[in-house]
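K.L.:
My questions all concern the structure below.
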Amino acid sequence: MRLFILALILLSGTISPIFPLHDASARHKSFQNLPTRASDAATGSELEAILRSLPLVERENRIFAEITSGNIPDFLRQLTPVTTTRVVNGTEYTITYHAAPDYLAVGRDEDYFLMPMTPLLAQRLANALGFTMPTRRMVDQIWQAAPLKLNPQPIPPSDQMNTIPVMFTHNTMVREQRDTHIQQHPPGTLVAGHKKDVIISNRIYTTANSVVIYGWHYTNGNPIQPVFAGHGETYADYSHGIRAVADSVWLNGETVHIRQIVQHPDLHVLLSDEGGIPEPYYHVETTSSNPVENDELPEAILLEQNFPNPFNNQTRFRYHLPQSAYVQVSIYTIAGQQIEMLENSFRVAGTYELGWDATGLASGVYISSLAVEGERVSRAMLLIK
């Protein structure tokens, strides 16, 4: 069965066979690349006082810095498995993904702020921490799997819905409701029903520059919010939440990237009820690599040899995109173990240059790998100390 699944996905052109897929023992159970929370990090209420005076761009940059520095409640760090089984073309598939037990928050367990944010910030965080947002079907699956289902608590509509004070007021309402269930469902229990989800959907692109939201389920399972793409990509209000889902999933015991499932012509039904989603992410610009002037682009993706090579600790390399695409640049050991992901974002067509610092690693051969929309090219590099 395992060989059949791997062959099916490989034939679809969504996985490169250059590096072996990890076995199911390599399980996502916590956020990747997230430091331990500092003892003097700001609490949720302290951050509310800071964020309320900041304009949107500064506010979201501060939230990004807080979360990527590890300032989230401890109960969010351990992800919860959600499993579903479906028969596709006569074959039964069981898929398990790992979702954060609650929506992204800043602060500590005793004083946190469930943080509404634009899809642009959410995608920046997803790229940095190795997660995705859910689809509509996944939101329903997570709600079904949640032992604790809270009643929605809407606030009357106003022109202040997208302000920090209203966001924090709703946060307090949810906290008070959540606290009544602490004995039976302690922090870290999968909880749902108290926020609308920012979701991955084809409507991200059919409705230009929009945020797509869905959910906020009543306890009878009916969502208040149908799929809606009527707000712009810089909009977030008190009702929005970001549910982080680890970007690796188990498919009949094998580990694959979640994007490879939702893009698949057949297997997308495991996670998507709106067909395949070719671009399951929001387009954001990042500064992880620098564009380089180049009047002539190759017809295919190209990863140049690093320079210098051999190298001592630091090296650089360029890659070329003939067309805009989602890009991942990673470093592997010669055995195929990923060491670091240097790039994980959407890029317009062009030539880009990246640097890599191998300080702390032993001398030896390492592999740089460029993955673009199912294609992968790789180069060997020699580290000498």
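K.L.:
Rounded to the nearest 5, what is the percent of antiparallel bridges among the DSSP beta bridges in the chain? Before the final figure, lay out the partial values.
P.N.:
Values: 70 of 75 bridges.
Antiparallel bridges: around 95 percent, rounded to the nearest 5.
K.L.:
Next up: Working from Cα positions, state the angle (0 to 90°, nearest 10) between the long axis of helix 136-145 and the longest principal axis of the chain.
P.N.:
For 136-145 against the chain, the angle is about 60 degrees.
K.L.:
Now, a different point. Determine, from the Cβ-Cβ distance of THR91 and GLN184 and an R0 of 45 Å, the FRET efficiency 1/(1 + (r/R0)^6), rounded to the nearest 0.05. Numbers along the way, then the final one.
P.N.:
Working: r = 39 Å, r/R0 = 0.86.
Efficiency for this residue pair is about 0.70.
K.L.:
Ranking request for peptides 269-279, 144-154: highest mean number of other beta-carbon atoms within 10 Å first, then the rest in descending order. Before the final figure, lay out each step's value.
P.N.:
Values: 269-279: 17.7, 144-154: 15.6.
Per-residue Cβ counts within 10 Å, averaged per peptide and sorted highest first, yield 269-279, 144-154.
K.L.:
Using a simple charge model, +1 on the beta-carbon of Lys and Arg, -1 on the beta-carbon of Asp and Glu, nothing else, what dipole does the chain show about its Cα centre, in debye to the nearest 20?
P.N.:
Result for the chain is approximately 680 debye, rounded to the nearest 20.
K.L.:
For the chain, modelled as a Gaussian network with Cα springs under 10 Å, which listed residue fluctuates most, ASN312, ASN344, ASN71?
P.N.:
Comparing ASN312, ASN344, ASN71 in a Gaussian network model of the chain, the most mobile one is ASN312.
K.L.:
Continuing with this model, one more query. Cβ under 15 Å from ARG203's Cβ, ARG203 left aside: what net charge do those residues give with Lys, Arg +1 and Asp, Glu -1?
P.N.:
Values: positive: ARG136, ARG137, LYS196; negative: ASP197, GLU233, ASP273, GLU274, GLU279.
Cβ neighbours under 15 Å give a net charge of -2.
K.L.:
Here is a follow-up. Over the chain, with a Gaussian network built from C-alpha contacts below 10 Å, which listed residue (VAL211, VAL372, VAL139) shows the highest mean-square fluctuation?
P.N.:
VAL372
K.L.:
Mind giving me the FRET efficiency for ALA335 and THR36? R0 is 30 Å, r the Cβ-Cβ distance, nearest 0.05 is fine.
P.N.:
Details: r = 28 Å, r/R0 = 0.94.
Rounded to the nearest 0.05, the efficiency is 0.60.
K.L.:
Restricting the calculation to Cα positions, tell me the Rg (one decimal) and the Dmax (whole number) of region 87-167 in Å.
P.N.:
According to the Cα coordinates of region 87-167, Rg and Dmax are 16.4, 52 Å.
K.L.:
Follow-up question, since we're still on this one. Can you sort SER378, SER345 from fewest to most other Cβ atoms within 10 Å of each residue's own Cβ? Kindly include the intermediate steps, with their values, before the conclusion.
P.N.:
Working: SER378 15, SER345 21.
Listing SER378, SER345 from fewest to most nearby Cβ atoms yields SER378, SER345.
K.L.:
Could you give the length gained on full extension between ARG175 and ASP273, defined as 0.36 nm per residue of separation minus the Cα-Cα distance, in nm? Don't skip to the answer; put the middle values down first.
P.N.:
Values: separation 98, 0.36 × 98 = 35.28 nm, distance 3.18 nm.
Computed gain between ARG175 and ASP273 is 32.1 nm.
K.L.:
While we're looking at this one, here's another question. In degrees from 0 to 90, rounded to the nearest 10, what is the angle of the helix 56-68 Cα long axis to the longest principal axis of the chain?
P.N.:
70 degrees
K.L.:
In addition: Using the Cα centre of region 295-385 as origin and beta-carbon charges of +1 (Lys, Arg) and -1 (Asp, Glu), tell me which of ALA362, ILE339, THR351 is placed farthest towards the positive end of the dipole.
P.N.:
Most positive-ward Cα: ALA362.
K.L.:
Along the charge dipole of the chain, which of LEU79, PRO226, ASN162 sits closest to the positive end, that is, farthest toward it, with unit charges on the beta carbon of Lys, Arg, Asp and Glu (+1, +1, -1, -1)?
P.N.:
Checking the options against the dipole of the chain, the answer is LEU79.
K.L.:
Quick check: residue separation of GLN78 and SER378 times 0.36 nm, minus the Cα distance between them. What number comes out in nm? Write out the running numbers ahead of the final one.
P.N.:
Values: separation 300, 0.36 × 300 = 108.00 nm, distance 3.29 nm.
Separation in residues times 0.36 nm, less the Cα-Cα distance, equals 104.7 nm.
K.L.:
Semi-axes of the equivalent ellipsoid for region 290-383, please: Cα gyration tensor eigenvalues, times 5, square-rooted, ordered largest first, whole Å.
P.N.:
Largest first, region 290-383 gives 23, 14, 11 Å.
K.L.:
Give me Rg over Rh for the chain, both radii from the alpha carbons and Rh done the Kirkwood way, two decimal places.
P.N.:
Result for the chain is an Rg/Rh of 0.97.
K.L.:
Considering only SER39, SER248, SER324, give the residue with the highest GNM mean-square fluctuation for the chain, with springs between Cα atoms whenever their separation is below 10 Å.
P.N.:
Among SER39, SER248, SER324, the largest GNM mean-square fluctuation belongs to SER39.
K.L.:
Still on this model: Which value in nm describes the separation of the simple spin-label points at SER45 and GLN305, placed 7 Å from the Cα toward the beta carbon?
P.N.:
6.2 nm
K.L.:
Using the Karplus equation 6.51 cos²θ - 1.76 cosθ + 1.60 (θ = phi - 60°), what ³J(HN,Hα) coupling, rounded to whole Hz, does each residue of region 379-385 give in order, writing x for Gly and Pro?
P.N.:
9, 8, 10, 10, 9, 10, 10
K.L.:
Follow-up. Pop the C-beta distance of ASN222 and ALA349 into the FRET formula with R0 = 41 Å and round what comes out to the nearest 0.05.
P.N.:
0.40
K.L.:
Using only Cα atoms, tell me the angle between helix 2-11 and the longest principal axis of the chain; keep it within 0 to 90° and round to the nearest 10.
P.N.:
80 degrees
K.L.:
Related question: Let me see the pair-distance distribution of region 219-278: every alpha carbon pair, 5 Å bin width, integer percents in order.
P.N.:
Pairs per bin, as whole percents: 4, 14, 16, 19, 19, 18, 9, 2.
All of the numbers you see were taken from the coordinates with simple rules; none came from a lab. Only a predicted model underlies this, so the values are computations on that prediction, with no experimental measurement involved. Using ideal geometry, Cβ is built from the backbone for each residue, glycine included, and neighbour counts are taken over all protein chains shown.
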